[in-house]
1. Tell me yes or no: at least one residue of the range 155-172 is more than 25 Å from Glu41 (Cα to Cα), part of a helix (DSSP H, G or I), open to solvent by 50 Å² or more (accessible area, probe 1.4 Å) and modelled with pLDDT under 90.
2. Testing Val188 on (1) within 21 Å of Ala89 (Cα to Cα); (2) modelled with pLDDT of 90 or more, one condition comes back false. Which one is that?
3. Has the range 30-40 got at least one residue that is free of Cβ contacts under 8 Å to residues at least 60 places away in the same chain, crowded, with 17+ Cβ neighbours inside 10 Å and under 30 Å from Ala184 (Cβ atoms)?
4. Any chance the range 55-64 includes a residue that's hydroxyl-bearing (Ser, Thr, Tyr), open to solvent by 20 Å² or more (accessible area, probe 1.4 Å) and closer than 16 Å to Leu200 by Cα?
5. Among the numbered conditions (1) open to solvent by 40 Å² or more (accessible area, probe 1.4 Å); (2) touching a Gly at 6+ places or on another chain (Cβ under 8 Å), tell me where Ala106 comes up short.
6. Determine which single condition Glu180 fails, assuming it passes every other condition in (1) loosely packed, with under 14 Cβ neighbours inside 10 Å; (2) in a loop (DSSP other than H, G, I, E, B); (3) modelled with pLDDT of 80 or more.
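The values are calculated or read from the model by the stated rules, or taken from the named source; none is laboratory data. In this text the structure is predicted, and so the values were computed from the model without any measurement. No Cβ is skipped: glycine too gets one built from the backbone with ideal geometry, and neighbour counts run over all protein chains shown. The area values use the complete protein model at the heavy-atom level, side chains included, leaving out ligands, DNA and RNA. Shrake-Rupley method; radii C 1.70, N 1.55, O 1.52, S 1.80 Å.
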Amino acid sequence: MRENHTPTISVVATAYNSERHIVRFLKAMRDVLDQIDCLSEIVIVDDGSADRTVEICLQYIAEHPGITLAKLSRNFGHEPAMVQGLKLARGDFVFLIDSDLEEPPATLIEMLEVMGRGAPAPDVVYGVQKTRNGTIQHTFFATAFYRLFGALSDVEMPADVLTVRLMTRRYVDALLLHEERTLALFGVFSLTGFTQVPLLVDKHYKGYTTYSGLKRAGVFIRYLLVFSSKLPLLITATGIGTAFVAALYAFYVLINYVTAGRQVEGWTSLALLFSFFNGLLLTCVGFCAAYLGYIFVEVKRRPNAIIQEIWHSGTATPGTVSVPRLKSPDGP
């Protein structure tokens, strides 16, 4: 960094149906930034909220400097919204955090201290959940996700990793070089490399989650397909193993018939085996089809998200444009 250059920090947060807590988040984040000797900005990306999130944000940032609000054209998802926020951030350091206040804004101060103690300084300080809170379903899916992902993935992703993280500009620039359309951002965080250190964070559970069990399963499959080259090998090995066992059993039936003249009975067991292996086959075909689907998405190169409008502090009132009127046949 240049000498006599005042460092700047960009805070990036996403919002989705956040009318209940977005102002509290902005106030809390502003209080934290006031304790730090630096220039700062806050970038809020609204991910197609259906409530009054944008309206409330506009009312707040119209009276407070250093805040940018970007509204996406529809709901694209948490990770695409984060990427749009990172693209808008201009600071020497970028602090990424969710706006639901589950992750304390004061974590920024702790992360700055950790980054300042390093020799050399790390490029990323990321949050790791101290104790996992939430429902039994939430805990079960999270535990299963990290264990299976760790066993099958080509990328090492820390367990219980959180959104909250402090990153240097060079790391963010390198992160944005990835142009995948099928986003699995938390894997990309690790894939980008650089020196990354963890920080234990107390995450507060707000009592509900927008991620259903089915949605979590979809996220797991997406991450696994994007970052695992072992899965096709596992499918192949399963097929070879199944065929080998079937060949052995066929050999046993043949020998039994030749030597003892007996035929194997048991249509129930046969039907069960037939159903099991058909289910296994369809599962393997489904994974292969998902791979093809993701390849198709990548080839089309559609944008991950589209920003509909951006407002900055001081210009936070959306402009109104009159719709042109048709001329009357008798004149204007």
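1. The answer is no; no qualifying residue exists.
2. The number of the failed condition is (2).
3. Yes, the conditions are met somewhere in the range 30-40.
4. Checking the range 55-64: not a single residue is hydroxyl-bearing (Ser, Thr, Tyr), open to solvent by 20 Å² or more (accessible area, probe 1.4 Å) and closer than 16 Å to Leu200 by Cα.
5. Answer for Ala106: the failing condition is (2).
6. (1)
Condition check ((1) closer than 22 Å to Leu280 by Cα; (2) surrounded by fewer than 12 Cβ atoms within 10 Å (Cβ to Cβ); (3) modelled with pLDDT under 70) across all residues:
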position: Thr195; (1), (2), (3): no, no, no
position: Pro198; (1), (2), (3): no, no, no
position: Asp202; (1), (2), (3): no, no, no
position: Gly207; (1), (2), (3): no, yes, yes
position: Tyr211; (1), (2), (3): no, no, yes
position: Leu214; (1), (2), (3): yes, yes, yes
position: Phe220; (1), (2), (3): yes, no, no
position: Leu224; (1), (2), (3): yes, no, no
